Amino acid sequence: MEYRLSLVGPKPPVSDILIETLAFAEGRFLSIHPFLDFNGRVARMLLFALLYRLNLPPVQLVPDEKDRQGRIEYLAALSKADNLEWQPLISVWKRRIDKG
C-alpha cells in the first residue's frame, strides 16, 4: 500500500492511479478479513483515513439501503476483487468520487 501511495503523492489530483489505489486498498483489506467481526467498519475507517491522508473529501462508501442495484453492483465488485479483478471496484470508486 505504501508503494502505491508513493506513486500518487501526498496531495494528488484525482487520476486513474489514485482511483485504482483506493479500489486496491478496499478490495485487499476486505478480502483478507483480518477480524472475526467488524471488517466492514474497520475498512471504512481505513478508507476514510486514506481519503483524509490524500486530502480528498469523504465519499459514501456503502450504497444507500434504498439503492438495491448499487448494493448488488458493490457486492459483485467486492467478489471480483477477491479474485484480483479490479475493474468493477474501480468503477465503483469512480462513481463515488464523481458524487463526492
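The values are calculated or read from the model by the stated rules, or taken from the named source; none is laboratory data. What you see is a predicted model; the values in this text were computed from it and never measured. As a convention, Cβ positions derive from the backbone with ideal geometry for all residues, glycine included, and neighbour counts pool all protein chains shown.
If you check L89 against the conditions, is it surrounded by 13 or more Cβ atoms within 10 Å (Cβ to Cβ) and either of a type in the set (K, R) or under 15 Å from the mean Cα position of the chain (by Cα) (or both)? For L89, the condition - surrounded by 13 or more Cβ atoms within 10 Å (Cβ to Cβ) and either of a type in the set (K, R) or under 15 Å from the mean Cα position of the chain (by Cα) (or both) - is met.
In a loop (DSSP other than H, G, I, E, B), within 19 Å of V59 (Cβ to Cβ) and among the hydrophobic types (A, V, I, L, M, F, W, C): is that true of V42 in this structure? Spelling it out, it is not the case that V42 is in a loop (DSSP other than H, G, I, E, B), within 19 Å of V59 (Cβ to Cβ) and among the hydrophobic types (A, V, I, L, M, F, W, C). Being in contact with a Leu (Cβ under 7 Å, 6 or more places away or on another chain) and not small (G, A, S) is true for just one of P58, P10, P63, P88. Which residue is that? Among P58, P10, P63, P88, only P58 is in contact with a Leu (Cβ under 7 Å, 6 or more places away or on another chain) and not small (G, A, S).
Flag: P63 does not match the condition of being in a loop (DSSP other than H, G, I, E, B), surrounded by 15 or more Cβ atoms within 10 Å (Cβ to Cβ), in contact (Cβ under 8 Å) with a residue 40 or more places away in the chain and not aliphatic (A, V, I, L, M). Run L7 past the list (1) of a type outside the set (V, I, T); (2) modelled with pLDDT under 90; (3) part of a helix (DSSP H, G or I); (4) surrounded by 14 or more Cβ atoms within 10 Å (Cβ to Cβ) and report the number of the one that doesn't hold. Tallying (1) of a type outside the set (V, I, T); (2) modelled with pLDDT under 90; (3) part of a helix (DSSP H, G or I); (4) surrounded by 14 or more Cβ atoms within 10 Å (Cβ to Cβ), L7 fails exactly one: (4).
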